[in-house]
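Report on one structure; see the data block that follows.
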Amino acid sequence: MKREQPLIDALLDEIETMPIDNGGSVPAQYFFFKLNNIPSERNPAEFAGIESALTAVRQHERLVYSQGAITYHLRLLLEEGLISGELIETYDGTFIAVKGLTAQGHGHLDSRRKKEEDPLAKALNATKDNAPEWIARHLVTSGVTLAFIGIAGFFTAFRIPAVQQFLLTALFGHHQKG
């Protein structure tokens, strides 16, 4: 499975704001429901079992993140030491109970937010995102400007008798007596 940075960022942001009591934890299904904006009648921290996830899939045709992708990325975050929790392998699959961010996880979020606030980084991202539009706009305006300059120059030059004779000779191959 490919590592998706937007999913990692969303997971870390959600873990930072989760209401977890001391010693408590939240199952991976919590993130499935939260990140896919699936409402639940119960407290989001009380999601239990794959049945609730299957029901949500049936009710919502377009999911942003699959349960497998969320579990995989939570495992990555555990391995990288950005979150604390427990990884439990069962016959039904992998169960992850998330306890919260580690100091390294908080540091990662802080550095990401500083990068997002940095004016130079904002300018570079805006340039990267908008470059094709800017280039197209520049080419069109430059082309139109050059065309108008060329047409204006042609008509202006055509009013000068010596240039008029030269252009007529170039276009029609003969001199006009005048």
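Quick notes on this one:
- Estimated distance in nm for a label pair at R75 and I88, the labels positioned 7 Å out from Cα along Cα-to-Cβ: 1.7 nm
- Solvent exposure of the range 61-125 amounts to 64 Å² per residue of accessible area, where only protein heavy atoms count and the probe is 1.4 Å.
- In Å², nearest 10: area of I20 left accessible to a 1.4 Å probe: 40 Å²
- Label sites at A170 and R113, each approximated as a point 7 angstrom past Cα along Cα to Cβ, lie 6.5 nm apart.
- FRET efficiency, 1/(1 + (r/R0)^6) with R0 25 Å, evaluated for E4 and A123 via beta carbons: 0.50
The values are calculated or read from the model by the stated rules, or taken from the named source; none is laboratory data. Because the structure is a prediction, the values reported are computed rather than measured. With ideal geometry, Cβ positions are generated from the backbone for all residues, glycine too; neighbour counts draw on all protein chains shown. Surface areas here come from the heavy atoms of the whole protein model, side chains and all, with no ligands, DNA or RNA. Shrake-Rupley method; radii C 1.70, N 1.55, O 1.52, S 1.80 Å.
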